[in-house]
Every structure is written in structure tokens, then in C-alpha cells.
Amino acid sequence: MHHIYDDPLLKSLLGYLPPSLRDPAMILPVIVGFYVIFLGLCLTGALSRQGKQIKKVKDKRKDEQFALDSDDEKDWREFQASIRKED
């Protein structure tokens with residue numbers, strides 16, 4: 001019966017690994033570990049980008065709110081000036 005570890009290419013690649021990682025019982029946890037680290041980095045990057053976008057939207061809304069406030073203040077001053085003219 002041919003075993004996967006009998007493949008010459010795989011044997012040459014396994015020669016570069018430390019002996020502790022050559023054990024078949026260690027290969028699956030190593031693969032899962034790299035997969036978890038990769039997914040964690042992707043999730044961290046996505047959350048970071050989302051946080052920056054949320055901050056950008058909040059800043060934009062804040063700028064729009066202040067712009068409306070200054071217009072309202074201008075309208076209020078014009079209203080007060082028109083009342084004074086009537087008196």
C-alpha cells in the first residue's frame with residue numbers, strides 16, 4: 001500500500017521541517033493554527049477598516065451638523081434684526 005509519506009517530493013519537503021513537525025499528528029494542528037492566524041488577521045484588518053469608515057462618516061455628519069447650526073444662527077440673527085427694525 002502506498003503511503004503519502006512515501007512520495008519523493010513530500011520527503012524532500014519534509015526534510016526542511018524540524019523533526020517535531022514531521023510527525024503526522026502535528027501536521028493538522030499546524031495547518032489549523034496557520035488558518036486561525038490568517039482568519040484573525042483578516043478579521044482584524046476588516047474591523048480596522050470598518051472603524052475608520054465609521055469615524056469618517058461621524059466626522060462628516062458632525063461637519064454637516066455644524067454647517068446647519070451656523071445657517072440657523074444666521075437666520076436667527078436676521079430674524080432678530082428684522083424685529084428690531086419693526087420697533
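A few comments on the model shown:
- Complete set of residues in region 5-33 that are in a helix (DSSP H, G or I) and of a type in the set (A, V, I, L, M, F, W, C): 9, 10, 13, 14, 21, 25, 26, 27, 28, 30, 31, 32
- Filter result for the condition that a residue is out of contact with any strand residue (DSSP E or B) (no Cβ under 7 Å at 6 or more places or on another chain) and surrounded by 10 or more Cβ atoms within 10 Å (Cβ to Cβ), over 28, 9, 17: 17
Read-outs throughout are calculated quantities, based only on the coordinates presented, and are distinct from any laboratory measurement. Bear in mind the structure is a predicted one, so any value in this text is a computation, not a measurement. Cβ: placed from backbone, ideal geometry, glycine included. Neighbour counts: every protein chain shown.
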